[in-house]
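The values are calculated or read from the model by the stated rules, or taken from the named source; none is laboratory data. Everything quoted here is computed from the prediction, not taken from an experiment. Using ideal geometry, Cβ is built from the backbone for each residue, glycine included, and neighbour counts are taken over all protein chains shown. The area values use the complete protein model at the heavy-atom level, side chains included, leaving out ligands, DNA and RNA. Shrake-Rupley method; radii C 1.70, N 1.55, O 1.52, S 1.80 Å.
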Amino acid sequence: MTPNDMDKTLQRIDWPAAFTDGPPRADLPFRIKQEQRVLLTDAGVGIKNGRVQLPQGLLQGQNLLLLLEELSLPAANVHDFDKLKVPYRAVATDLATGEPVVLKSGELAKAMRASMSIPSALVPVELDGKLLVDGGVSDNVPIDVVRELCHPDVIIAVDVGAPLAPASELTSVLSITNQLTSILTVRNAQQQMKTLGRKDILITPDLKDISSIDFERSPEAIKIGYAAAETQRSALNPLSVSPDAYQTYLATRPELPNAYHPVVDFIRINNNTRLSDQVLEKQLQIKPGDRIDPQQISRNLNAIYGMGDFDQVNYRLVEEDGKTGLVVEAQQSYIGTDTLRFGLFLGTNMKGDSLFNLSTAYTLSQLNSLGAEWRNFVQIGGNIKLETDFYQPLNENQEYYIDPYLGYQQYDLDISNESSRERTRFRVRQAQIGVEVGRNLARWGRLSLGLHYNAGKNELRIGQSSADEGDFNDSGYSIRWAADTLDSLNFPTSGYFGNLHYYSALTALGADQEFQTLSLDAFKPYSWGKSTLIPRFRLAGALSGDLGPQNLFMLGGFLNLSGYQSGQISGQYIAFGELIYMYRLDNASAAFTIPLYAGGSLEVGGAWNDLDDVSFDTLIPAGSLFLGADTPLGPLYLGAGLSDGSNASLYLTLGKLF
């Protein structure tokens, strides 16, 4: 690359995406998107050989490796680094011994990836039986490597070691890990620079507060580096050659294509997981005879990675018998296929009403070649839930599936009578057994049909005795169409969400009485700059029959007629619409931050027990103001809500609302 090429490349890189693992959320399998509504899917541990297995780092570096493979694609067939246009060495550190490891051959992208594996932040890279981490730990300014490789008359050394951060900035695992690495790099860099002679040139850019993880500040770093080199112009000038001599030098360098997009003659899958090669190959949109598109390949491989249970999914190009092959390598997850993932929800409206739920899911994945999963879910707290299901894809592209399940739950149900101001609370206990069959609509949606046996009991806790107490049976069938391409469930800024659900209770299946319901929930974020506007609406009602209290539709709570308590408004019919505005307070282009937001909402809605009562006059206006943070434990909101001028609440919520 020319310096101009480097500058353009740095400007186009999406650094937050590069330092996350896997595809954008919109490209995840629909089942994983559903899990994200309850579980922290990035916070999991493995159960391997009967023991808890922790990850080797916060990030696998999947997207980073794919980025490096794309950038180094013109040198895909060069495995001897001496044959690159500029002879190259990557310096890594052997994690077992602490000694530097000089990489001079192999896959260029993997060598670069190994040399920048910040301990604890990025998982180490295994090469030739060694576990490799960032070379800066052992040899950050590798003057000794240059001497051995080039036997130079003059060494031009550049020390870009980041300054140590003050104590006030050591506020996260990443910042502390980065500080420890910086301490090591500063010490070994000083030792190397002491070996420089009088002829040698040392350039030390004054990076000030730009640390080694401030990738989004590369334009600033470039200017600082250029200014530092200018200070050494008088020392560098004597080393230059004439334009003719330089062109002669360039002509002697190995030829590499500026852009390398060969036609693929064959595809090979190197797969050490339980999934069949055909399941992985179905995710590839490239076929033999197609020309290489590195960005498309990255999307395809990330789609495979997003299926879960992989350490990394990458590719390389090979030449065999005059033919070009695409080799896809899928590596089994280090923590194994049996995982524990956790979920958390905390909520209070500052009026004495609070809810705490802690959940965990133990999932056994890749039970067969099609990717079956057995998931066991437990939730404790205000709402108790036990559920087990066996998800079985029915074909190799995982388009069709069957999902039998068994569950039990307990939860409090509050119903308010607005006319009498009386409040009734039931403790609902419900057992469920059923099966769902469906079709995954690519990655964006799902169409499903379910048969359900639902039986339980409403136990009166607060209020007057009523006919709604006692046993109930709501068994029936459901049809659901769902779409979800949101970029985030915490603070969505793009994509869309829709959920259309029809339910019919049938006495033929054991229900006490027949009824039918239909509900629709949809919203779509629109973003410009740091601002996001989210129009959202909900419509639901009974098509026939009368609903028991456990089937009523609820409104109330933060961003759901803010100001009212959760579930305070209920009925057989509801209508709700809102407009949410969010503004991001911090730098959206930074790779390692906790995003901060400020925003508010305008809301209107109502609930009715009779269609004749539905009118615009009975709609309730509401609104809210909030501050939010996208924390590793989920979205944290501090908000205030007001409804129809008389109901006000303060909210503190940790958990997903979208």
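A few comments on the model shown:
- Test item: Cα-centred dipole of the range 1-57, Lys/Arg +1 and Asp/Glu -1 on Cβ, debye: 340
- Portion, in percent, of the accessible area of the chain that falls on carbon or sulfur, probe 1.4 Å: 56
- The C-alpha atoms of the chain define a longest principal axis, and helix 3-12 lies at about 10 degrees to it.
- Distribution of pairwise C-alpha distances over the chain, 10 Å bins, in %: 3, 12, 22, 22, 17, 12, 7, 4, 1, 0
- Along the chain, longest interval not containing exposed GluC sites (Glu not before Pro), exposed being DSSP loop plus at most 15 other Cβ atoms within 10 Å: 1-254
- FRET efficiency for residue 611 and residue 340, using Cβ-Cβ distance with R0 set to 45 Å, rounded to 0.05: 0.45
- Ordering of 536-542, 97-103, 637-643 by burial proxy (mean other Cβ atoms within 10 Å per residue, highest first): 637-643, 536-542, 97-103
- Sequence-distant contacts, meaning Cα pairs under 8 Å at least 6 residues apart, place the relative contact order of the range 245-338 at 33 percent.
- Solvent-accessible area per residue for the range 197-340 (1.4 angstrom probe, square angstrom): 55
- Distance from the range 80-152 to the range 283-361 (C-alpha centre basis), Å: 26
- Fully extending the segment from residue 175 to residue 48 would add 42.7 nm, taking 0.36 nm per residue of separation and subtracting the current Cα-Cα distance.
- Relative to the Cα centre, the charge distribution of the range 119-223, modelled as +1 at Lys and Arg Cβ and -1 at Asp and Glu Cβ, gives a dipole magnitude of about 300 debye.
- Residues in the range 140-165 that a label on residue 204 would reach, taking backbone N under 14 Å of a point 7 Å out along Cα→Cβ: 141, 157-164
- Residue-wise HN-Hα couplings along the range 361-377, as the Karplus relation 6.51 cos²θ - 1.76 cosθ + 1.60 with θ = phi - 60° gives them from phi, are 10, 9, 10, 9, 9, 6, 6, 8, 5, 8, x, 5, 10, 10, 10, 10, 10 Hz; Gly and Pro carry x.
- Debye equation applied to the C-alpha atoms of the range 384-459, log10 I(q)/I(0) at 0.15 Å⁻¹: -0.68
- Taken about its Cα centre, the chain carries a charge dipole of roughly 860 debye when the Cβ of each Lys and Arg holds +1 and the Cβ of each Asp and Glu holds -1.
- Spherically averaged projected area of the range 301-425 from its Cα convex hull (nm²): 12.8
- Alpha-carbon centroids, the range 622-650 and the range 186-265: separation in whole Å: 51
- The C-alpha radius of gyration of the range 474-528, expressed as a fraction of 2.2 N^0.38 Å, stands at 1.59.
- Divided by 2.2 N^0.38 Å, where N counts the residues, the Cα radius of gyration of the range 211-255 comes to 1.68.
- Principal axis extents of the C-alpha atoms in the range 455-501 (largest first, rounded to whole Å): 47, 27, 12.
- Of the trypsin sites (Lys or Arg not before Pro) in the range 440-534, those whose Cβ has at most 14 other Cβ within 10 Å and which sit in DSSP loop: 530
- Each 5 Å bin from zero holds the following percent of Cα-Cα pairs in the range 450-561: 2, 10, 16, 17, 15, 14, 11, 8, 5, 2, 1, 0.
- Angle in degrees between helix 218-230 and the longest Cα principal axis of the chain, rounded to the nearest 10: 20
- Ordering 649, 334, 506 by the projection of their Cα atoms onto the charge dipole of the chain, which places +1 on the Cβ of Lys and Arg and -1 on the Cβ of Asp and Glu, puts 334 at the extreme positive end.
- Between residue 494 and residue 26, the distance separating the two model label sites (each 7 Å from Cα on the Cα→Cβ line) works out to 0.6 nm.
- Extension gain from residue 272 to residue 618, taking 0.36 nm per residue of separation minus the Cα-Cα distance: 118.4 nm
- In the complete set of protein chains, residue-level accessible area for residue 265 is approximately 70 Å², probe 1.4 angstrom.
- Of the residues 130, 223, the one with the largest accessible area comes first in the ranking 223, 130, computed with a 1.4 Å probe on protein heavy atoms.
- Pair residue 410, residue 487: separation of 7 Å Cα→Cβ label points (nm): 4.3
- Once the Cβ-Cβ distance of residue 237 and residue 633 is raised to the sixth power relative to R0 = 51 Å, the FRET efficiency obtained is 0.35.
- Helix-only CD estimate at 222 nm, as mean residue ellipticity for the chain, using -39500 (n - 2.57) per DSSP H run (n ≥ 4): -5000 deg cm²/dmol
- Kirkwood Rh, angstrom, the range 515-658 [1 / mean 1/r, Cα pairs]: 16.3
- Residue among 635, 588, 560 farthest towards the positive dipole end of the range 514-658, charges placed on Cβ: 588
- Each of residue 457 and residue 282 was given a label point 7 Å from its Cα along the Cα-to-Cβ line. The distance between the two points is 4.5 nm.
- For the range 497-548, fraction of C-alpha pairs farther apart than 12 Å, in %: 70
- Stretching the chain fully between residue 151 and residue 80 yields a gain of 23.7 nm (0.36 nm per residue, less the alpha carbon separation).
- What the Cβ-Cβ distance of residue 250 and residue 194 gives, at R0 = 25 Å and to the nearest 0.05, is a FRET efficiency of 0.10.
- Cleavage-rule hits (trypsin sites (Lys or Arg not before Pro)) in the range 16-96: DSSP loop, at most 14 neighbouring Cβ within 10 angstrom: 37, 85
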